[in-house]
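> First the structure, then my questions, so here it is.
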Amino acid sequence: AQSVTQLDSHVSVSEGTPVLLRCNYSSSYSPSLFWYVQHPNKGLQLLLKYTSAATLVKGINGFEAEFKKSETSFHLTKPSAHMSDAAEYFCVVSDPKGTGNQFYFGTGTSLTVIP
Amino acid sequence: KAGVTQTPRYLIKTRGQQVTLSCSPISGHRSVSWYQQTPGQGLQFLFEYFSETQRNKGNFPGRFSGRQFSNSRSEMNVSTLELGDSALYLCASSFTSAEQYFGPGTRLTVT
């Protein structure tokens with residue numbers, strides 16, 4: 001069965017320090033993987049996606065993620081956190097289902113950035 | 001290109017009433033998906049429509065229904081509202097199903 005596990009429900013970092021948000025997935029197929037960010041009372045914004053091309057994916061706002069098939073992981077990183085990065089982050093796996101794709105969301109990681 | 005729009009943004013209803021939410025996808029996108037987001041359950045998939053047909057469905061009771069029009073706009077309807085239906089309802093559109101673009105959501109409060 002397809003599933004996504006975000007290993008930390010809350011992460012707190014100081015401004016200017018690196019960010020690491022961890023995500024593991026299980027999938028019966030070659031999955032597509034995404035990271036989305038949600039600011040309070042807003043919809044979800046796509047940060048980056050992996051769709052079987054380069055394993056290191058660069059996204060918006062300085063975020064990147066590395067697809068590691070052997071570890072079934074897709075961790076999100078950023079070298080230097082900014083106050084505006086404080087938000088909820090969701091890891092998503094997409095698998096084919098029927099004639100479309102089914103999207104499976106992780107439970108989210110809340111990122112706090114300390115000034 | 002305009003993003004995904006959802007109306008209304010906020011809604012207050014009473015138990016037992018019904019509600020209709022609307023979603024206009026990005027121009028050219030034919031797939032529209034709906035999600036319910038609550039603090040306790042997180043993001044849960046409701047259903048997906050593609051070219052006016054329901055293509056996928058999540059595990060929600062029959063009180064939750066939807067439809068899609070020929071211009072790809074979609075509506076979802078919840079009948080006989082319960083307190084537990086209070087949530088942020090998110091709509092997402094996609095072109096190739098490779099990625100979804102989300103609207104700002106409709107915040108439904110049931111009293």
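> If you take the accessible area of A alone plus B alone and subtract the pair, what total do you get in square angstrom, rounded to 100, with a 1.4 Å probe? Spell out each step's value before the answer.
Details: alone 6270 and 5940 Å², together 10620 Å².
Using a 1.4 Å probe, the pair buries roughly 1600 Å².
> Jot down the radius of gyration and Dmax of the protein assembly as shown, Cα atoms only, both in angstrom.
Gyration radius and largest Cα-Cα distance of the protein assembly as shown: 17.5, 51 Å.
> May I ask you to compute the full-extension gain from residue B:41 to residue B:67, defined as 0.36 nm times their residue separation minus their alpha-carbon distance, rounded to one decimal in nm?
6.9 nm
> Hey, another quick one. Apply the Debye scattering formula to the stretch A:33-77, with a single equal point scatterer on each alpha-carbon and no solvent, then give log10 I(q)/I(0) at q = 0.15, 0.20 Å⁻¹.
One equal scatterer on each Cα of the stretch A:33-77 leads to -0.38, -0.61.
> Let me ask another. Say we join alpha carbon atoms closer than 10 Å with springs in a Gaussian network model of chain A; which of A:26, A:94, A:70 then has the biggest fluctuation?
Result: A:70 has the largest fluctuation of those listed.
> As an exercise, identify the chymotrypsin sites (Phe, Trp or Tyr not before Pro) in the stretch A:26-86 lying in DSSP coil whose Cβ has no more than 11 other Cβ atoms within 10 Å.
A:29
> Give the long-range amide H neighbours of residue A:82: residues separated by 5 or more places, or on another chain, with amide H under 5 Å away, using H modelled in the peptide plane at 1.01 Å from N.
It is A:16, by chain and number.
> May I ask you to find the residues of the stretch B:83-107 that are shielded by at least 40 Å² of accessible area once the whole protein assembly is considered instead of their isolated chain (probe 1.4 Å)?
Buried on complex formation: B:97, B:98, B:99, B:100, B:102.
> Principal axes first, then extents: for the Cα atoms of chain A, list largest minus smallest coordinate on each axis, whole Å, largest first.
Each principal axis gives a Cα extent; for chain A these are 46, 29, 22 Å.
> So if I take the centroid of the Cα atoms in the stretch B:37-89 and the same for the stretch A:1-70, what is the distance between those two points in Å?
Taking the Cα centre of the stretch A:1-70 as reference, the centre of the stretch B:37-89 is 25 Å away.
> At 1.4 Å probe size, with every protein chain present, just tell me what the per residue accessible area of chain A comes to in Å².
Working: 5490 Å² over 115 residues.
Result: 48 Å² of accessible area for each residue.
> Taking the Cβ of residue B:102 as the center, what net charge do the other residues with Cβ under 13 Å away carry, scoring Lys and Arg +1 and Asp and Glu -1?
Once positives and negatives cancel, what remains is -1.
The values are calculated or read from the model by the stated rules, or taken from the named source; none is laboratory data. Computed from a predicted structure; not experimentally measured. Cβ sites come from the backbone with ideal geometry, for glycine too, and all protein chains shown count toward neighbours. Note: accessible area is taken over every heavy atom of the protein model, side chains too, but ligands, DNA and RNA are not part of it. Shrake-Rupley method; radii C 1.70, N 1.55, O 1.52, S 1.80 Å.
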